[in-house]
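Values quoted throughout were computed directly from the atomic coordinates according to the rules given, and no laboratory measurement underlies them. Since we're looking at a predicted model, the values are computed, not measured. Note that we place each Cβ from the backbone using ideal geometry, even for glycine, and neighbour counts take in every protein chain shown.
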Amino acid sequence: MGFTVVSCFSQNKDELIIEFNNTSRSYFVKASLLPQFCCLSFPENFNRARKNSIDLFTDILMKKVTGVRQFENERSFSIGLEESYQLIFKMHGNRSNIILFHKSKALAIFRNHLQADLEISPNDLDRKIDFGRESFGLNLTRLPQLYFTFGKLFWDYWRNHTFDKLSQEDQWNELIGLRKQLENPTFFIVEKEGMVILSLLPISKILHSFQRPTTALNEFFLSASVYNSLQSEKSILQKQIQDQIKSSCNYISKNQQKLDELMNDQHYQIWADLIMAYMHEIKTGTKKVTLPSFYDSQPVAIKLKPELNPQKNAEIFYRKAKNQQIEINKLADSIRTKQQEIKTLQEQLIVIESTEDLKTLRKSNTQTKAKKEQSKPLPYHEFEYKGFKIWVGKNAEHNDELTLKNSYKEDLWLHAKDVAGSHVLIKHQSGKNFPKDVIQRAAQLAAYNSKRKTESLCPVIVTPKKFVRKRKGDPKGMVVVEQEEVIMVEPKLDI
């Protein structure tokens, strides 16, 4: 009473600040009406931001407070102002709002999406509760519905103290005692079911207790904001890590299936051995041959390249068997790597769960991101030939990263002509030209890591990296080559 509204503004979507002043001091009301957390607090000072701030409810500026009304048995109250204005604070959880009235007519609302609040009539907000002994007895089995203002915490307290097991008369006496306690309460900040809550009863884990309601609200707002932010960030991080674990498990499952298939399929080795064993019976030009198996004498049909002699056909199958073994080893390594990643992620989950401080959580998350960046796999496979490094892109996305981020204009760029395949770089060495045999070796790798890997000869583009560019909107891995030379090589992984 005796204070005047001197400012009313918002600088956050769900936050309204009202400053009252009586010429000697200011009094602030801060209404935070977030859908997930609705609370009033009363900061001693509040500095308005210079930008991104807007005045609201300007009709009440310089109007004096004439009174405060608590609506009976309702989570709403009003601040009465001169000239028949009033601000109603409707504190209904995620539907909370602040409404400006003039002579009982709604003029404006703070949260504009709650348009139904414009139809509220202040004279209809009071609600009646019959606290008589007779009504109590008649509603003994539905007390939460009868005393609807008490809320969940009250009834938890009631059940935890087994008041609901007492006789009717004893329950009535306990109710009277609790009502007296609520009329002159101690204000408790408690932790219950992973949330910080303001309570008028000593329930669950008590964090703080206060005698003054505004002091309790200020501490509650701060504690709940920090704690709930901690829990929210924890949940986000936990969900991200759990998704990574799920993705890694799916990766292991798919690759384990592929690995099992390769482990149980040794036909290239068997075909090569059979051709070598029966070489004297196979004529050059034969397209298909059927030979008895070493293991069960069952016939084994083998397709041959008729332009090659039996020994060359056997060499192709031996090479394919060797490549198959390389793929088996790579799959096994990747599965082990993913298993280690899952173990690390599970350890991170334990650390996050045990962290009780927001600053520590954010610091830990920053360090984890830094480690992840450091341990991020390279976008290429590296080969070395005669002192030169040859980098081969792993997939379309990695091709872009290799060509656009990991190259210099002096590097030599290679790619199998007219088919999908890996980008290949020969890294430039200062003062040295690229030897022909090094270019030949890199071209073999480019051919092998393309759709032409099974062909006898493959055309490969060779050009300095400075003549390779990517157009905006092109798919991953697609580039434009402005100047090129083409050489023919045999696709080879190993020399």
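Numbers at a glance
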item: Rg ratio (alpha-carbon, reference 2.2 N^0.38 Å) - the range 144-201; result: 1.17
item: Residues of type aspartates and glutamates that Lys394 reaches as a straight line, Cα spacing below 15 Å, ignoring anything fewer than 8 places off in the same chain; result: Glu327, Glu382
item: The chain: DSSP helices with Cα axial extent of at least 20 Å and average Kyte-Doolittle hydropathy no lower than -0.5; result: none
item: Dipole in debye (nearest 20) - the chain, about Cα centre, beta carbon charges: Lys, Arg +1; Asp, Glu -1; result: 1700 debye
item: Amide H within-cut-off set for His423, under 5 Å, with H built and near neighbours excluded; result: Gly393
item: Backbone HN-Hα couplings from phi across the range 192-205 [Karplus 6.51/-1.76/1.60, Hz, Gly and Pro as x]; result: 9, 6, x, 10, 8, 10, 8, 9, 8, 10, x, 10, 6, 8
item: Quarter of Cα convex hull surface for the chain, i.e. mean projection, nm²; result: 41.1 nm²
item: Net charge of Cβ neighbours under 10 Å - reference Ser7; Lys, Arg +1; Asp, Glu -1; result: -1
item: Computed [θ] at 222 nm, helices only, for the chain once each DSSP H run of length n ≥ 4 contributes -39500 (n - 2.57); result: -12500 deg cm²/dmol
item: Cα shape, the range 279-326, gyration tensor, a/c 1.5 rule; result: oblate
item: Extension reserve of the Ala116-Lys453 stretch, reckoned as 0.36 nm per residue once the Cα distance is removed; result: 114.4 nm
item: About the Cα centre, charge dipole magnitude for the range 4-124 (Lys/Arg +1, Asp/Glu -1 at Cβ), debye; result: 300 debye
item: Listed pairs Lys152/Lys239; Lys330/Lys451; Lys246/Lys405; Lys305/Lys453 exceeding 26 Å between Cα atoms; result: Lys152/Lys239; Lys246/Lys405
item: Partners for Lys105 among lysines (Cα-Cα distance below 30 Å; same-chain residues under 8 apart left out); result: Lys13, Lys30, Lys63, Lys64, Lys90, Lys128
item: Charge dipole (the range 32-163, unit charges on Cβ, about Cα centre) - positive-most of Thr149, Ser96, Gly67; result: Ser96
item: Taking the C-alpha atoms of the range 4-124, convex hull volume expressed per residue in Å³; result: 109 Å³
item: For the range 129-173, alpha-carbon Rg over 2.2 N^0.38 Å; result: 1.08
item: Cα-projected label distance for Ile326 with Met62, points at 7 Å along beta-carbon direction, nm; result: 8.5 nm
item: Förster-model FRET efficiency, 25 Å R0, Glu174 and Lys205, C-beta, rounded to 0.05; result: 0.60
item: Nearest-0.05 FRET efficiency for Arg127 and Asn250, computed from C-beta distance (R0 51 Å); result: 0.40
item: P(r) of the range 268-412 over all Cα-Cα pairs, binned every 10 Å from zero, in whole percent; result: 9, 21, 19, 20, 16, 9, 5, 1
item: Dipole axis of the range 234-374 (+1 Lys, Arg; -1 Asp, Glu on Cβ), positive-most option in His267, Gln325, Thr366; result: Thr366
item: Distance in nm between pseudo-label sites at Arg319 and Thr215 (7 Å out along the Cβ direction from Cα); result: 8.6 nm
item: Options Ser199, Ser209, Gln257, ranked by Cα towards positive dipole end of the chain, top entry (Cβ charges); result: Gln257
item: Under Karplus coefficients 6.51, -1.76 and 1.60, residue-wise ³J(HN,Hα) of the range 77-85 in Hz, glycine/proline x; result: 8, 10, 9, x, 10, 4, 6, 6, 8
item: Amide H contacts under 5 Å for Lys389, placed H, 5+ residues apart; result: Lys427
item: DSSP-defined beta bridges in the chain - what % are antiparallel, rounded to 5; result: 100 percent
item: Zone residues, the range 464-478, relative to Lys409, backbone N less than 15 Å from point 7 Å out along Cα-to-Cβ; result: 464-470
item: Centre separation in Å (Cα based) which lies between the range 1-71 and the range 125-152; result: 35 Å
item: Unit charges on C-beta of K, R, D, E only; dipole of the range 380-489, Debye; result: 140 debye
item: Taking all pairs of distinct alpha-carbon atoms in the range 380-489, Kirkwood radius in angstrom; result: 13.6 Å
